[in-house]
1. Using the Cα gyration tensor of segment 335-415, with a ≥ b ≥ c the square roots of its eigenvalues, what is the shape: rounded (a/c below 1.5), prolate (a/b larger than b/c) or oblate (neither)?
2. Could you check the spin-label model distance between Gln165 and Lys67? Points 7 Å from the Cα along Cα→Cβ, value in nm.
3. List, in the order given, every pair from Lys67/Lys438; Lys30/Lys187; Lys328/Lys377; Lys187/Lys408; Lys187/Lys359; Lys28/Lys550 whose Cα-Cα distance in the structure shown is over 30 Å.
4. Taking the Cβ-Cβ separation of Ser352 and Asp296 as r and a Förster radius of 22 Å, what is the calculated FRET efficiency to the nearest 0.05?
5. What is the fewest-to-most order of Met433, Met266 by other Cβ atoms lying within 10 Å of their Cβ?
6. Quick check for me: using +1 on Lys/Arg Cβ and -1 on Asp/Glu Cβ, what's the dipole size of segment 410-453 about its Cα centre, in debye to the nearest 20?
7. In what order do Ser349, Ser214, Ser104 fall by count of nearby beta-carbon atoms within 10 Å, going from fewest to most?
8. For segment 61-141, with the dipole built from +1 on Lys and Arg beta-carbon atoms and -1 on Asp and Glu ones, taken about the Cα centre, which of Val134, Pro98, Ile115 lies farthest toward the positive end?
Amino acid sequence: MCEVFIAGSDLSQQIGQTASWAQYNTAKYKTIKWLAEKGLGEEIRMKLGSGEPMQRQGGYYAEFSGKPAFIKAQNNADRFSKYLRESTIKSTEFAKTPLHGVMSRVDLLTFQSNISEKLRSMPIEERTQLLYHVNRSQKNHRMELARTSEPFTETRLKSESRNLQELKRITMGNHDEIFERFVELTKNNFQNILYGTENDVVGIHLISYFVSRSTPVLRDRPNERPSRSMGGDKGQKILERIASTIPLSKHGSLLRAIGHNRAQSMILGINQLTTGLFRSLKEFSQMDFVQGTGMDLLTDRILPHLPVYEILSSLRIYHDRELLYLNKLSNSYPPGFGPFALLREDIDSYESFIPLIQKELLRRHGINVNDFFEEGKFIIDLLPTLRPDLSVLLQPDLFNMNLENIIKKIDGITDPKWLEQFSELLLVPKQIMDWRAKVWELLERPVTEQVKSFVDLAIALNTLSKEVGNYEFPLAGAKIKKARFETSLTDLLKGKVDDSMRQFLSAAVQYLTRLPDEIVEVPIDIVRALKEVERILRIEEQALDKRGQKLLNFYILQMARIVGENG
């Protein structure tokens, strides 16, 4: 064996971006430690998957890496003199954006579709510099790992030695219990919003699933996650297959990474990267620690670990603060549905913590951020001094899309090139909203019906399975309860049943048609549940005709090209 490969993108939609990043690094440390103990540190290399969207593990190309943050111009120097101290003005001359994405990584990474698309269109000189930089970074990191791994086989020191600590530092960074506490908060909030709790049975992810199932596959990989085969379809296996899917909090995502993120962030308008993040920041800020209050520790111990540029960018572009389409589907869920309340709490926390994230973004450029902020907001008159991509992220209202709101508050913008680029970036969220509206013209009716049917079915099955308990179902040769829907359902379920949803629906049909009369007091409930199975399957077959599928493909590709994620 020459290589150990760890794929991390699928983990991101199970426990959230922050928690998956921590586990990614932990897996790397444990693997390299094991290899070092066996004397295989130099013989077996380690490669990390970089994921599809730009948020996951830094597998994207950031053209702004290493570029000056501020624009040198006489007009900008005059603006600086009005607000900044001389020392701060001097520091703006040296402020450069740190390396992002693949430029900032030292691991051996896979170059997947997004970055491959970028590489094909890059000028040859820029591409050569990128590949050379990545090559040198990976070689230097591998040499450092080899150096640190040597003492594990050449010394009798215990594992608590300095070399073990050095290996942890190289692979995981410095251990911080405070940050680990925050990671656990983000994991819980992410899962409770998307997948609900056991009491909720299902979650918001259900919408993303049916959106993705209605979306034509653009690549040679399916969007759905393969099921965990339970083996056989008799007896208690039926209950096990149902219990492995609902409550959804136990199963997690029904989709692969690319389908999950596209359906949730791009189409539904709930930004996946930040789901549950702001509610976690609020919870953490209200805690007390030996080292100080949670609010004080946020700046020093939490924000420095977060991908603040990507958080602000993806939030601004994708997130629908009004939850327009989620609200339209709210009637498909039971009254008082918990994940909706948690998501709204998450959104309500934006105003308190976005300014802190903006300060952290500016701080990483090596300047005194306090001089640039008044009453917690970036001084709007200084926006033209920044690169346009930073300006849109640091504007006082991150979600502003109206150029007039900026122009009327800034005295004398004289750089037409800056104004043109800033205007184009400012309108990106509006363009996404317009294309998203067209997508939902096609999907709203079928997705609403599918979600409503599945929610009713899941709640009914969850209740019935608890009532039946450990009852052993009769075997195939025994007398089986027949329902008038059984034949048509069996026909609909014919063929290859390899994804989690169809495995679940297949088990549901077997379960509902084999329940003995004496166990169920109201047989009409079984008939109603079977109707829901049939409705889900028939809607899935007829969600969109060929013309609708072509239109949907066109709309999604337009959104991807606007943002630069068409890979």
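Read-outs throughout are calculated quantities, based only on the coordinates presented, and are distinct from any laboratory measurement. Quick caveat, the model's predicted, so the values are computed rather than measured. Positions of Cβ are backbone-derived with ideal geometry, glycine not excepted, and every protein chain shown enters the neighbour counts.
1. prolate
2. Rounded to a tenth, the inter-label distance reads 4.2 nm.
3. Flagged as over cut-off: Lys67/Lys438; Lys328/Lys377; Lys187/Lys408; Lys28/Lys550.
4. 0.90
5. Ordered by Cβ neighbours within 10 Å, fewest first: Met433, Met266.
6. Roughly 300 debye, rounded to the nearest 20.
7. Ser104, Ser349, Ser214
8. Projecting each Cα onto the dipole axis, the largest value belongs to Pro98.
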